[in-house]
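For reference, the structure is listed below as structure tokens.
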Amino acid sequence: MASSKSAGRPKVLLLGVIEHAQSSWEAVGEIAQILMPKSNNRADFIQEASSGAFDGCVAAYRTFDSFEVTGKIDGELLQALPDSLRFLCHNGAGYDQVDVHACTARGIRVSNTPTAVDDATADMGIFLLLGALRNVAVGMASLRAGEWRGKTLPPLGHDPQGKVLGILGMGGIGRNMAKKALVFGMQIRYHNRTRLDAHIEKEIGAEYVDFDTLLAGSDVISLNLPLNPKTRHIVSRNEFAKMKAGVVIVNTARGAVIDEAALVEALDSGHVSSAGLDVYENEPDVHPGLLANPRVLLVPHMGTFTVETETKMEEWAISNVRMAVESGRLRSIVPEQKSMER
Ligand SMILES: NC(=O)c1ccc[n+]([C@@H]2O[C@H](COP(=O)([O-])OP(=O)(O)OC[C@H]3O[C@@H](n4cnc5c(N)ncnc54)[C@H](O)[C@@H]3O)[C@@H](O)[C@H]2O)c1
């Protein structure tokens, strides 16, 4: 029920929880009436939305974890949401939980939180890269099992110095990772949907190569591209076969950009010598072949899990809500909708 104070203000739907940026969110509450769903599963949420509970909402703020309540933001869900909804402000850099196509068809503009995630995710990428190169997961497991370095010594690792790091997807996180890997003496190659300008390549110190060259010539391959229908399983059996024997795989993007079953096979055969993973194809389930393989360094999707970065992300997503309400614009519309920018 709207209080007399909030009546008449634009409505904003909160999907998820604000954990850090309380004062910025409270400030949104001064200019908008905030609505929250009562449902805790998709079927109930669709029913609640269809009953008109969110009528009049112009913008929605959503978190990654709100997926547990709404499921994917797709055509079916949008059908239930009110026609007044014009902006979907996602708290996260990766927005594969949102069918942007369906949003565009409904005239809903979508924003994400680019750049806010870069340092923390690239730091995690470097941690996984070094950890996988050094086979630390083997030693960590034997230590915890009370066996010090194990019955047989863990295999010797490799130094990053002089190794080729192939980055697939040279956006914010890819570039940040390149900068950090250069400090470790790595040689950087990249493949991207669009080649970067020569002066940016020079500034980053990275060489552009085609996809096959990236696969065949890299000692370590890091996935840093978004998940969408075009990139799903972009690395599968054929791609692993093109890689150098002994290659190391690092994934902080989304699990499903790699065919996880093919990765398990490549690890089991030794063609991929080790891997460092933050993301999985069917989170929170992890392929048993990855769990069973001591040469895989596993982290449960903690790329942005720092106080500073989670706060930055919330502040960024809230600033999108604020702009949407105040001026009908977004600070960071997703690339697919650039033409809808006003
Ligand atoms: N592990 C985590 O916690 C975490 C945190 C943040 C982001 N992410 C993931 O990382 C991804 C990258 O984030 P970002 O902020 O660097 O995104 P970004 O948009 O800045 O960069 C992505 C890059 O990938 C390129 N690309 C797109 N399709 C491609 C293709 N088919 N082949 C080659 N390149 C392609 C784009 O041109 C772009 O340069 C996100 O989409 C998200 O899924 C994960």
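Listed by Cβ neighbour count within 10 Å, with the fewest neighbours leading, Trp316, Trp25, Trp148 appear as Trp148, Trp25, Trp316. Across Val307, Val235, Val117, mean-square fluctuation computed from a Gaussian network of the chain (C-alpha pairs under 10 Å connected) peaks at Val307. Of the trypsin sites (Lys or Arg not before Pro) found in the range 153-192, no site is in coil according to DSSP while having at most 13 other Cβ atoms within 10 Å of its Cβ. Determine the percent antiparallel among the DSSP beta bridges restricted to the chain, to the nearest 5. In the chain, DSSP labels about 5 percent of beta bridges as antiparallel.
Angle of helix 260-269 to the longest C-alpha principal axis of the chain, folded into 0 to 90 degrees and rounded to 10: 10°. Computed from Cα atoms, the angle from the helix 307-327 axis to the main principal axis of the chain rounds to 40 degrees.
Comparing mean-square fluctuations of Pro226, Pro288, Pro154 from a GNM of the chain with C-alpha springs under 10 Å, the top value falls on Pro288. Find how many whole Å separate the alpha carbon centroid of the range 149-206 from the alpha carbon centroid of the range 313-342. Between the Cα centres of the range 313-342 and the range 149-206 lies a distance of 31 Å.
Please work out whether the range 88-204 counts as rounded, prolate or oblate from its C-alpha gyration tensor, where a ≥ b ≥ c are the square roots of the eigenvalues and a/c under 1.5 means rounded, while otherwise a/b larger than b/c means prolate and anything else oblate? The shape class here is oblate. For the options Asn238, Asn228, Asn91, a Gaussian network treatment of the chain with springs between C-alpha atoms closer than 10 Å singles out Asn238 as fluctuating the most.
When only alpha carbons of the chain are considered, Rg and Dmax amount to 22.0, 72 Å.
Against the chain, whose longest principal axis is taken from its Cα atoms, helix 118-133 shows a tilt of about 30°.
Where a number appears in this text, it was derived from the coordinates with a stated rule and is not lab data. Quick caveat: nothing in here was measured; it's all calculated off a predicted structure. Cβ sites come from the backbone with ideal geometry, for glycine too, and all protein chains shown count toward neighbours.
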